[in-house]
Amino acid sequence: MARSRKTSGHRPSASRSDTIRHEDAFPRNEVIRLEQLRRIYGQGDAAVHALAGIDLSVQEGEFISLMGPSGSGKSTCMNILGCLDSPTSGRYLFNGVDAGTLTSKQRALLRRNYLGFVFQGFNLLSRTTALENVELPLIYRGVPTSERHELALDALQAVGLADRAHHTPGELSGGQQQRVAIARAIVTRPIVLLADEPTGNLDTARSIETMELLQSFNQEQGITIVMVTHEPDMAQYSNRIVHFRDGCIEREERL
Ligand code: ADP
Ligand code: MG
């Protein structure tokens, strides 16, 4: 009998068979494709090959960890995935669209409509409440006020912080601030969530809470996650670990 596989996202289970692997029979949507991606900083003798030819394919519903030594190119890769930077050569396809062919306005729309971001330092606005922080991406999208409140409250509820909606970040613990940041990232229902060391500033208990939250959004809402982490324990929450070294993918590990 086929080994039952850890599933992610909402996949129609009725079509699964014991003999044919589901993903073989019904290929999932490839949300991210990197082809021979290179990013060179500087020129001539001073050139730094931050990414030296990366090939990577991420399917919808995957939860991926990027690991590797400091300076191996993880953040450079995340910046390109987030459309905050462009490769020197090679291609980045998002949902089949070559990001290199988009105008800067289209790239901004891609970020706003399809991507969510979570950072190590939370990056919340300090003078505004948790609710207002979570509402911010909806304001950019032009969502009307009452609907905005409702969606933001739902998102805060989903991270267990509905009762802290009117607190400012300074009135919240680090773990709570990261949960607000996660609510802000998922309130727009992104296709892909990009998280650069989301537990880097948290203690172990808060890190585990954060990873359980990310895992639940991956499994229950099917949000694809690409996360950078230094911590093997946190990488265990993902489905695949991609190991970087010297701007290249050294190996991949399926969990
Ligand atoms: P990681 O996130 O894995 O620690 P980075 O992607 O930040 O690695 O960096 C990869 C390499 O690119 C490093 O050698 C770093 O010094 C270099 N680098 C990163 N950003 C810049 C930049 N803006 N200008 C020049 N070199 C950079
Ligand atoms: Mg980095």
Checklist outcome for this item: Within region 208-238, of all residues that are surrounded by fewer than 21 Cβ atoms within 10 Å (Cβ to Cβ) and polar (S, T, N, Q), the one modelled with the lowest pLDDT is Gln221
Checklist outcome for this item: Within region 92-107, restricting to residues that are surrounded by fewer than 19 Cβ atoms within 10 Å (Cβ to Cβ) and in contact (Cβ under 8 Å) with a residue 24 or more places away in the chain, the one that is nearest to ligand 1 (Cβ to nearest atom) is Arg107
Checklist outcome for this item: Residue hits (region 225-250; closer than 18 Å to Val31 by Cβ and away from ligand 1 (no atom under 16 Å from the Cβ)) are Ile225, Ser238, Asn239, Arg240
Next on the checklist: Checking the conditions here, which among Gly116, Gly121, Gly142 is surrounded by fewer than 16 Cβ atoms within 10 Å (Cβ to Cβ), within 20 Å of the chain's Cα centre (by Cα) and either outside any strand (DSSP E or B) or not hydroxyl-bearing (Ser, Thr, Tyr) (or both)?
Outcome noted: Gly121
Next on the checklist: For region 60-91, which positions are more than 16 Å from ligand 2 (Cβ to nearest atom) and free of Cβ contacts under 8 Å to residues at least 60 places away in the same chain?
Outcome noted: Cys83, Ser86, Pro87, Thr88, Ser89, Gly90, Arg91
Checklist outcome for this item: Residues of region 65-86 being near ligand 1 (Cβ under 6 Å from one of its atoms) and outside any loop (DSSP other than H, G, I, E, B), in sequence order, are Lys74, Ser75, Thr76
Checklist entry - Which one is nearest to ligand 1 (Cβ to nearest atom) among residues in region 30-59 that are touching a strand residue (DSSP E or B) at 6+ places or on another chain (Cβ under 7 Å) and among the polar types (S, T, N, Q)? => result Gln36
Checklist entry - Could you count how many residues in region 38-51 are of a type in the set (A, V, I, L, M) and more than 16 Å from ligand 2 (Cβ to nearest atom)? => result 3
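The values are calculated or read from the model by the stated rules, or taken from the named source; none is laboratory data. Note that this is a predicted model, so its numbers are computed, not measured. Note that each Cβ is placed from the backbone with ideal geometry, even for glycine, and that neighbours are counted across all protein chains shown.
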